[in-house]
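What follows draws every value from the coordinates through simple rules; no lab data is involved. Keep in mind that what you see is a predicted model, and the values were worked out from it rather than measured. With ideal geometry, Cβ positions are generated from the backbone for all residues, glycine too; neighbour counts draw on all protein chains shown.
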Amino acid sequence: MAAPARSERWIPHFVLAVGVAIFVFPIYFALIGSTHEASVIGRGEMPLTPGRHLIENYAQAWNLGSPVHTMLTNSFLMAMAITVGKIAISLLSAYAVVFFAFPLRMLFFWMIFITLMLPVEVRIIPTYKVVSDLGMINSFSGLTVPLIASATATLLFRQVFMTIPDELVEAAKIDGAGAMRFFWTILLPLSRTNIAALFVILFIYGWNQYLWPLLITSSREMETIVIGIVKMIGTGDAQTDWQIIMATTIFALIPPVAVILFMQHWFVKGLIETEK
């Protein structure tokens, strides 16, 4: 087979570079905008070079009426609770479906699977009614509990567990390992790369939640960073401090980017490799 021409080898790299530029430029634009004063942005003459108000704008954003650090804390706690809750429940659900024989086992699995066709937007009214009746409005539990169950993660862990050899299960039984010991000492170590990959995906899912926190919270103390950024955008004749909004946006980017960078090795392994 003839070696590909030099132009053919560069085409994928060129397409990748264009894609990266398209995705990165808005972030770069927000970063540059956060260093200028409001008048520069308001005139539509913002240059593509940094301004002289970086420290001033970021300090103002950090200490604004609803402090950014409070909103970031709320978003982080919500994202972590949703992520850990989804993984824990999905692991146990998949474990029960694969390794335990009980009546209507597959019926329960397919009932879980069918919920993939029902996004939050479809069931948001009855979910809100239930949360309201339980007195969970404007609370941390109201933010997280309705979003914890995950049919997708259950399906993925079920597929992982189905690749476990029967011989390994029998060997564990012969060694006297009970159900929970088998789960903790064998299944969890074998699933750690898949857990890491799902952790990244689910953390970003929880961090980017907008509609549910918008409905369930009413106080500034419970606002997430996504809700806070939207509320900072003025309406009508109200002045919009775009430099503060862009600084807050950069603050909001830091935690998910840090999670991706910290776990990228495990994330890639969880998507392309198996340890079975």
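Farthest toward the positive end of the dipole of the chain, out of Leu48, Trp212, Val68, is the Cα of Trp212, where the dipole comes from beta carbon charges about the Cα centre.
How would you rank Asp175, Asp241, going from fewest to most other Cβ atoms within 10 Å of each one's own Cβ?
Asp175, Asp241
Per residue, the chain reaches -21000 deg cm²/dmol at 222 nm when only DSSP H runs of four or more residues are counted, each adding -39500 (n - 2.57).
The amide H of Met46, built 1.01 Å from its N in the peptide plane, has no neighbour under 5 Å, considering only residues 5 or more places off or on other chains. Contact order, relative form, for the range 69-272: 36 percent (alpha carbon pairs under 8 Å, 6 or more residues apart, mean separation divided by residue count). Annotation: the residues Lys86, Lys129, sorted from fewest to most other C-beta atoms within 10 Å of their own C-beta, follow the order Lys129, Lys86. Applying both filters, DSSP loop and at most 11 other Cβ atoms within 10 Å, to the GluC sites (Glu not before Pro) of the range 1-110 gives Glu45.
Here the Karplus curve 6.51 cos²θ - 1.76 cosθ + 1.60, taken at θ = phi - 60°, turns the phi angles of the range 146-158 into couplings of x, 9, 6, 5, 9, 5, 4, 5, 4, 4, 5, 5, 4 Hz, with x standing for Gly and Pro.
For Cα extents along the principal axes in Å, the choices are (1) 66, 41, 33; (2) 74, 69, 31; (3) 73, 65, 33; which was calculated from the structure? Here Cα extents along the principal axes in Å agrees with entry (2).
In this Cβ point-charge picture (+1 for Lys and Arg, -1 for Asp and Glu), the range 69-272 has a dipole of about 260 debye about its Cα centre.
Spatially, the range 86-130 and the range 170-204 are offset by 19 Å when compared through their Cα centroids.
Backbone phi angles across the range 220-228, fed through the Karplus curve with coefficients 6.51, -1.76 and 1.60 (θ = phi - 60°), yield HN-Hα couplings of 5, 5, 9, 5, 8, 5, 5, 5, x Hz in residue order; Gly and Pro are listed as x. Residue exposure proxy: Met232, Met78, Met117, ordered by other Cβ atoms within 10 angstrom of their Cβ from fewest to most, comes out as Met117, Met232, Met78.
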